[in-house]
């Protein structure tokens, strides 16, 4: 599923990249890591659309085709956990478990019409959760060899089977994770492209068919 969504991002990049870049520039000041040498490195590590790891921002991509709705979320771990290092205290470990439970409850994360039934869910955490699930060793997105200055992301994918394309999708991330300031949403629904900048005051995706 990931490869398919990455391909879709390439299709979206031309008409949508300018609006996403503009939104990211408005929020660069909120990223404590986005300074100095990291700025140069971020340019090298730039993703297809979403620029280097920026706290407060997330990227949501949706594709509907042949009755299948695919949704992908990419976000800095700090937006979810409040930290980006391996959990060191009981409180941090509990926070990681809490976040994992939420991500695995699709109905809590996204509001879709009743005709959509969840078929698959995939979650990638930046480090193993206390129960040993859904994690991997930290990847270095920045300078630092011992965990200092590392940027960590959380990646989640959901797949629903829907009788028809949804007209509205409620994104509940802002309610559960107040560190989110904006989420750039973009989609292809029945060969029609669209995009929206979501915020705590406007967190519902409205799709015109």
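What follows is calculated from the coordinates using simple rules that are stated; it is not laboratory data. Predicted, not measured: the structure shown is a model, and the values here were computed from it. Glycine also receives a Cβ, built like all others from the backbone with ideal geometry; neighbour counts cover every protein chain displayed.
Structure notes:
- Residue 201-residue 91 FRET efficiency (beta carbon distance; Förster radius 30 Å; 0.05 resolution): 0.50
- Counted by neighbouring Cβ atoms within 10 Å, the residues 151, 55 run from fewest to most as 55, 151.
- Mean Cβ neighbour count within 10 Å, used as a protection proxy, ranking 112-119, 95-102 highest first: 95-102, 112-119
- Extension gain for residue 190-residue 65 works out to 44.4 nm (0.36 nm per residue, less the C-alpha to C-alpha distance).
- Those residues of the stretch 111-128 whose amide nitrogen sits under 18 Å from the label point placed on residue 164, 7 Å along Cα→Cβ: 112-117
- Inter-label distance, nm, simple model (7 Å from Cα along the C-beta direction), residue 209/residue 108: 3.1 nm
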